[in-house]
Amino acid sequence: MKHRITLFKGDGIGPEITNELKRVFKALNLDIEYDEFLIGEDAYQKYGVLIPNDAIESIKKNKVALKAPVTTPIGKGFKSVNVTLRNIFDLYVNFRPAKSMPGTLSKYDNIDIITFRENTEDLYIGDEYEIEDGYIAKKKITRTNSERIIRYAFEYALKNNRKKVTCIHKANILKKSDGLFLDTFNAIKSEYPTIESDDKIIDNMCMQLVMDPKKFDCLVAPNLYGDIVTDLIAGLIGGLGMAPAANIGKDIAIFEAVHGSAPDIKNMAIANPTAFFLSSALMLDYIGEKESANKLKNAIEETLKEGLYLTRDLGGNAKTYEYTDRVISKL
Ligand code: NAI
């Protein structure tokens with residue numbers, strides 16, 4: 001079947017891993033056409049806007065986008081284009097599955113945790129204002145947005161035979177905002193009696209994830225805690241190079257890895273493209289190319305298991321393109 005997707009090659013390691021992905025898609029004989037756009041700093045330099053209008057129209061039309069990471073200046077400069085895109089299209093679910101794979105440096109095996117991170121509010125509204133001796137940052141938690149992400153997590157668990165959903169919060173301190181998230185969770189969980197449920201305060205959650213990650217299955221969290229625990233969980237399965245993600249809304253989805261633009265390893269050909277490949281496999285599933293998605297996942301797993309061509313973050317010395325070549329040879 002023919003597909004047309006919107007593609008952002010991003011910056012930092014983004015263009016490198018996007019090139020590798022295009023080679024993989026070609027080897028899979030997929031009939032995919034790309035509408036490619038610059039975003040972020042590169043777009044700003046060229047067009048004077050961070051997200052060109054054509055890119056927004058293209059996502060509206062194609063309904064599916066694949067996005068390599070984009071740099072956001074720290075402590076100054078423009079608002080994250082990642083957050084902006086999620087808001088424009090109301091992509092309220094940040095779906096982050098993390099599964100142990102062979103061949104990584106992880107001390108754990110058999111981790112299989114899916115995090116459902118609320119993707120549109122919390123501190124990410126970026127509403128900060130000055131006070132006499134500093135700043136206050138506003139945190140927004142609404143009933144409607146809490147309800148839809150929590151319900152999504154339970155529905156997913158039900159349909160995909162998952163056993164348990166854990167709610168992450170800090171309602172001991174943030175009694176109103178996180179209190180609302182937790183109350184919403186407690187109200188909804190009774191509608192799903194076949195699924196086990198519990199809740200954990202974010203600090204305790206981090207400790208328990210490191211001590212015994214196998215006791216967790218699905219997690220649902222407001223935006224910031226979801227962001228933090230998914231980097232932590234990425235560390236448990238071998239690092240950020242291994243963690244895929246999807247931003248999902250009512251009828252539009254944008255697929256991207258958990259990791260950022262990794263400017264420290266830009267243009268060194270040592271980036272691990274696995275997380276981006278796995279995010280693309282999620283996209284292939286989403287657009288109905290299940291066979292290709294499975295082929296890709298299996299080829300990645302075989303390459304990792306064999307352990308001959310691993311990138312530096314996994315303890316090997318293969319270049320990004322050598323690892324990709326090996327994956328392609330196993331498709
Ligand atoms: P990062 O995720 O880019 O990198 C953290 C560490 O992990 C670095 O040492 C990096 O080399 C390593 N790493 C990340 N991805 C890797 C890969 N595929 N293979 C091998 N090593 C990898 O996080 P950082 O440095 O905090 O952020 C850099 C920039 O990325 C910032 O501007 C940030 O805002 C942006 N960012 C963008 C995201 C997106 O576009 N979705 C998500 C997260 C951060």
To the nearest whole percent, what portion of all C-alpha pairs in segment 67-192 is separated by more than 26 angstrom? 38 percent
Whose amide H sits under 5 Å from the amide H of VAL220, counting only residues 5 or more places off or on another chain, with H placed in the peptide plane? PHE116, THR166, CYS167, ILE168
As a test question: what accessible area, to the nearest 10 Å², does VAL81 have when a 1.4 Å probe is rolled over all protein chains in place? 0 Å²
Take the Cβ-Cβ distance between ASP264 and THR194 as r, set R0 to 41 Å, and report the resulting FRET efficiency rounded to the nearest 0.05. 0.35
Residue by residue through segment 183-196, which ³J(HN,Hα) values in whole Hz follow from phi under the Karplus form 6.51 cos²θ - 1.76 cosθ + 1.60 (θ = phi - 60°), with glycine and proline marked x? 4, 4, 4, 5, 6, 6, 4, 5, 6, 10, x, 7, 10, 5
For a paramagnetic label modelled at 7 Å from the Cα of GLU322 toward its Cβ, which residues of segment 280-316 fall within the zone defined by backbone nitrogen distances under 14 Å? 307-316
Long-range amide H partners of LEU310, meaning residues 5 or more apart or on another chain whose placed amide H is closer than 5 Å, are ASN317, ALA318
Spelling it out for ARG4: with amide H atoms placed in the peptide plane at 1.01 Å from N, the residues 5 or more places away or on another chain with amide H under 5 Å from its amide H are GLU33
Where Rh is the Kirkwood radius over the Cα pairs of the chain, the temperature 4 °C and the viscosity 1.567 mPa s, what D in µm²/s does Stokes-Einstein return? 63 µm²/s
With viscosity set to 0.890 mPa s and temperature to 25 °C, compute the Stokes-Einstein D of segment 64-124, Rh being the Kirkwood radius across alpha carbon pairs; µm²/s, no decimals. 172 µm²/s
LEU174 paired with LYS215, simple spin-label distance in nm, labels 7 Å along Cα-to-beta-carbon: 2.5 nm
Proximal aspartates and glutamates relative to LYS295, as straight alpha-carbon distance under 18 Å, when same-chain residues fewer than 8 apart are discounted: GLU20, ASP31, ASP285, GLU306, ASP325
DSSP loop GluC sites (Glu not before Pro) with at most 11 other Cβ within 10 Å: longest gap in the chain: 192-331
Say a paramagnetic label sat at a point 7 Å from the Cα of LYS99, along Cα to Cβ; which residues of segment 156-196 have their backbone N under 20 Å from it? 156-166
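Quick check on segment 1-113: what does the Kirkwood estimate of hydrodynamic radius come out to from the alpha carbon pairs, in Å?
Details: mean 1/r = 0.0622 Å⁻¹.
Final number for the Kirkwood radius of segment 1-113 is 16.1 Å.
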Can you tell me how segment 119-259 classifies by the Cα gyration tensor, rounded, prolate or oblate, using a/c under 1.5 as the rounded cut? rounded
Once phi is turned into θ = phi - 60°, what whole-Hz ³J(HN,Hα) does the Karplus curve with 6.51, -1.76 and 1.60 give for every residue of segment 302-311, x standing for Gly and Pro? 5, 5, 5, 4, 5, x, 7, 10, 9, 6
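Given the peptides 99-107, 224-232, arrange them by the average over their residues of other C-beta atoms within 10 Å, most packed first.
Values: 99-107: 16.7, 224-232: 20.0.
The packing order, highest mean first, is 224-232, 99-107.
The values are calculated or read from the model by the stated rules, or taken from the named source; none is laboratory data. As the structure is a computational prediction, the values presented were derived from the model and not from experiment. Backbone-built Cβ (ideal geometry, glycine too); neighbour counts: all protein chains shown. Keep in mind that these areas ignore ligands, DNA and RNA; they rest on the heavy atoms of the full protein, side chains included. Shrake-Rupley method; radii C 1.70, N 1.55, O 1.52, S 1.80 Å.
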